[in-house]
Amino acid sequence: MTVPVGGALILGIETSCDETAAAVVDASRVVRSNIVASQAELHAAYGGVFPEMASRQHIRDIWPVVRAAMDQAGVDWQDLAGIAVTRGPGLAGSLLVGVNAAKGLALARGLPLIGVNHMAGHLYSNWLHSAGRIRVPSLARPESEDPGPPFPHLLLTVSGGHTEIWQVRGHGDLERLGGTLDDAAGEAFDKAARMLGLGYPGGPAIEAAARAGDPSAFALPVAETEGRFDFSFSGLKTAVLRQVETIEAAGEPLPVADLAASFQAAVVRALVMRLRRALKAREARAVLVAGGVSANGALREALAAAIDRPLWIPPLALCTDNAAMIAAAGWWAFVGGQRDGMDLDVDPGLRLG
Ligand code: KG4
Ligand code: ZN
């Protein structure tokens, strides 16, 4: 695949969950703008995303967010090579807002439309420049010459809806090695946070509480699974609940920090252990981590200590949902020849690979 250099720009649009986002990324994978309007405060009162409110808020935010992305990048419509938009997985009503906005723009401006898988977006956040790479030898090179992560590599996706390990052999050439049999890692963080009376989203709240806690205070097990690269977090969730019930029944104050730290350590252990196992079984010249949970400091530290390959984890701003990653994934699809029509539909259950 030949990659055009410099110049051409992709506008990315992301509305799969509770972030309305737009970004402009250029052909050298440099982020020109990256605007995210988060609805987290709106949904906090409900302890999770309220789908209908999310779609309605996307409708209010989408045009100002797209305008801001174009203005911040200092580009005009004729500078764009195409428009990439998340078509799934996610909430149908939320996805529809972004896809319809992208269609309207593509039609009005005569631009190619590219539907993107949200999880491919998370993967491609690692291809963006300024991606916070840990131990990557190519750092010595100028950014424009940086070839990106080498193939084949292993990919760990850890978001609110996904926890999977993949071997990635090339652009669009992925093999799923394993995944969660029940809750995703981010979902487990969100549920544990609710049990501990911490706010939504739960991941950052658990991480903050855990800083003052002892990770070995509670022995919280993570189940072994029959599939060697699979995960299961439902037993861990029940173990936290049992501890909370026992402590509350005894009328004692809840040791929130210790429980948060012990829970976080158990999730991190499970993730690191499966990745190491996959590294023994499969060829990998690097390890990439993607999705909201990759923002977790304890996970980042544990991976840096335990993984003996170049490790690529996006900087914090590119870990959680954003549109720069959608533009990056859209760029590769565009270069590969993908063009979608006005019949592009959302797919809430879309899978990677
Ligand atoms: O990728 P993402 O922004 O949205 C989805 O595609 O799901 O991931 C959101 C998930 C939430 O479950 C949130 O609690 C979790 O990522 N998360 C974290 C952290 N920041 C976000 N989990 C652990 N530690 C964090 N610092
Ligand atoms: Zn996401």
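The values are calculated or read from the model by the stated rules, or taken from the named source; none is laboratory data. The structure presented is a predicted model; accordingly, all values stated were derived computationally and were not measured. So basically every Cβ, Gly included, is an ideal-geometry build from the backbone, and we count neighbours across all protein chains shown. SASA here: full protein model, heavy atoms, side chains in, ligands and nucleic acids out. Shrake-Rupley method; radii C 1.70, N 1.55, O 1.52, S 1.80 Å.
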Conditions (1) of a type in the set (V, I, T); (2) farther than 25 Å from A328 by Cβ; (3) away from ligand 1 (no atom under 13 Å from the Cβ): number failed by V168: (2)
From the list D258, D345, which residue is part of a helix (DSSP H, G or I), open to solvent by 10 Å² or more (accessible area, probe 1.4 Å), more than 16 Å from ligand 1 (Cβ to nearest atom) and more than 25 Å from P150 (Cα to Cα)? D258
Answer yes or no as to whether L236 is modelled with pLDDT of 95 or more, more than 15 Å from ligand 1 (Cβ to nearest atom) and open to solvent by less than 70 Å² (accessible area, probe 1.4 Å). no
So which pairs qualify, if the first residue must be in segment 167-191 and assigned by TED's automatic domain parsing to the domain that holds N296, the second must be within 16 Å of ligand 2 (Cβ to nearest atom) and part of a loop (DSSP other than H, G, I, E, B), the Cβ gap must be under 6 Å, and the two must be at least 6 apart or on different chains? A184/G161; A184/H162; G186/S159; G186/G160; E187/G160
Name every residue in segment 75-125 that is in a helix (DSSP H, G or I), touching a helix residue (DSSP H, G or I) at 6+ places or on another chain (Cβ under 6 Å) and open to solvent by 10 Å² or more (accessible area, probe 1.4 Å), in order of residue number. W77, G93, V97, R109, A120, Y124
Please find, within segment 190-233, the residue that is farthest from R282 (Cα to Cα) out of those that are within 16 Å of ligand 2 (Cβ to nearest atom) and open to solvent by 30 Å² or more (accessible area, probe 1.4 Å). Y200
Filtered residues of segment 22-74 (kept if outside any helix (DSSP H, G or I) and touching a Lys or Arg at 6+ places or on another chain (Cβ under 7 Å)): V24, V25, D26, G47
Matching residues in segment 279-335 (away from ligand 2 (no atom under 16 Å from the Cβ) and closer than 22 Å to V25 by Cα) number 6
Go through segment 5-21 and report how many residues are among the polar types (S, T, N, Q) and either in a strand (DSSP E or B) or open to solvent by 30 Å² or more (accessible area, probe 1.4 Å) (or both). 1
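Condition check ((1) within 14 Å of ligand 2 (Cβ to nearest atom); (2) out of contact with any Phe, Trp or Tyr (no Cβ under 8 Å at 6 or more places or on another chain); (3) modelled with pLDDT of 95 or more) across all residues:
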{"position": "G90", "(1), (2), (3)": "yes, yes, yes"}
{"position": "L95", "(1), (2), (3)": "yes, yes, yes"}
{"position": "V99", "(1), (2), (3)": "no, yes, yes"}
{"position": "A102", "(1), (2), (3)": "no, yes, yes"}
{"position": "I165", "(1), (2), (3)": "no, no, yes"}
What's the number of the only condition in (1) open to solvent by 10 Å² or more (accessible area, probe 1.4 Å); (2) within 16 Å of ligand 1 (Cβ to nearest atom); (3) at pLDDT 95 or above; (4) assigned to a helix (DSSP H, G or I) that E248 fails to meet? (2)
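For D347, indicate whether it is within 16 Å of ligand 2 (Cβ to nearest atom), over 20 Å from A185 (Cβ atoms) and of a type in the set (D, E, K, R).
Yes: the conditions hold for D347.
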Would you be able to say whether some residue in segment 30-52 is open to solvent by 20 Å² or more (accessible area, probe 1.4 Å), among the basic types (K, R) and modelled with pLDDT under 95? yes
With (1) over 20 Å from the mean Cα position of the chain (by Cα); (2) of a type outside the set (V, I, T); (3) at pLDDT 95 or above; (4) open to solvent by less than 60 Å² (accessible area, probe 1.4 Å) as the list, and R242 as the residue in question, which single condition is left unmet? (4)
For residues in segment 178-189 being of a type outside the set (V, I, T) and more than 13 Å from ligand 2 (Cβ to nearest atom), which is surrounded by the fewest Cβ atoms within 10 Å (Cβ to Cβ)? L181
